[in-house]
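A short worksheet on the structure shown next.
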Amino acid sequence: MREHHRHRRTDERPSVVWTGRATNRLQWIAAAAGAACMALGITLAVESPWTSGVAALLMAVIGCVAAGLLVLFGTLAFVHVAVKVDDRAMEVRCGHIGVPRRRILLSHIVGADFAPSVTPRQWGGWGYRWRPEKGTAVIVRRGEGLVLRLGDGRTFTVTVDDAESAVRVIRDRLRPPTPPTPPAPTGV
């Protein structure tokens, strides 16, 4: 069996992957409300004491189940966010199945800034948000966040714990590698 060794050039930086998360436990309350709404629709369909007719019952059942599904899955998608920064890109994954997902290549990032206080109110609520004057954001809770300035003039904001270290990692990756310095003459 052959072994392949990869020799690192002196101008390469070590490969470090930064990961971070943010969680909003209050979203579970909204998810429970969505599940309760679905349960109400199912209960209406199974144990129908409805006397107003089939059309009214059908509309109530479909309305409860649809609203419950929308609330349940809409909130579960934003219970938490996971952020990963590697040598090539920053990736943001939401919820338990990782959708919606956003991958931004580091070559498209012009700068990264730390935001000490990002609130859902600034963005119009929780979730995946877009505002023409502000850019795009993934907001799962109030608190610190990471703001990327992209090459096309837009911004991308994400709330994540320890956002300051994410900013440092991204800024380090955006700097060009420093060339090796020649050895100093020994003067022998």
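The values are calculated or read from the model by the stated rules, or taken from the named source; none is laboratory data. Keep in mind that what you see is a predicted model, and the values were worked out from it rather than measured. Every residue, glycine as well, gets a Cβ built from its backbone with ideal geometry; the counts of neighbours run over all protein chains shown. Quick note on the areas: whole protein, heavy atoms, side chains included, nothing else; ligands and nucleic acids left out. Shrake-Rupley method; radii C 1.70, N 1.55, O 1.52, S 1.80 Å.
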Of all residues in region 3-28 being modelled with pLDDT of 85 or more and open to solvent by 80 Å² or more (accessible area, probe 1.4 Å), the one that is farthest from LEU146 (Cα to Cα): VAL17
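Restricting to region 128-158, and then to whatever is among the basic types (Lys, Arg) and open to solvent by 40 Å² or more (accessible area, probe 1.4 Å), can you tell me which residue is modelled with the lowest pLDDT?
Keep residues of region 128-158 that are among the basic types (Lys, Arg), which gives 129, 131, 134, 141-142, 149, 154.
Checking the rest, the ones that are also open to solvent by 40 Å² or more (accessible area, probe 1.4 Å) come to 129, 131, 134, 142, 149, 154.
Working: ARG129: 92, ARG131: 90, LYS134: 84, ARG142: 93, ARG149: 95, ARG154: 92.
The residue in question is LYS134.
In region 58-93, what count of residues is obtained for those that are surrounded by 15 or more Cβ atoms within 10 Å (Cβ to Cβ), in a helix (DSSP H, G or I) and free of Cβ contacts under 8 Å to residues at least 24 places away in the same chain?
So in region 58-93, the residues surrounded by 15 or more Cβ atoms within 10 Å (Cβ to Cβ) come out as 60-61, 64-65, 67-69, 71-72, 74-86, 89-93.
Okay, now just the ones that are also in a helix (DSSP H, G or I), so 60-61, 64-65, 67-69, 71-72, 74-76.
Next, from what is left, pick out any that are free of Cβ contacts under 8 Å to residues at least 24 places away in the same chain: 60-61.
Total meeting the criteria: 2.
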Single unsatisfied condition, TRP50 versus (1) in a helix (DSSP H, G or I); (2) surrounded by 13 or more Cβ atoms within 10 Å (Cβ to Cβ); (3) modelled with pLDDT under 85: (1)
For HIS96: the one exception among (1) under 11 Å from the mean Cα position of the chain (by Cα); (2) over 19 Å from ARG154 (Cα atoms): (1)
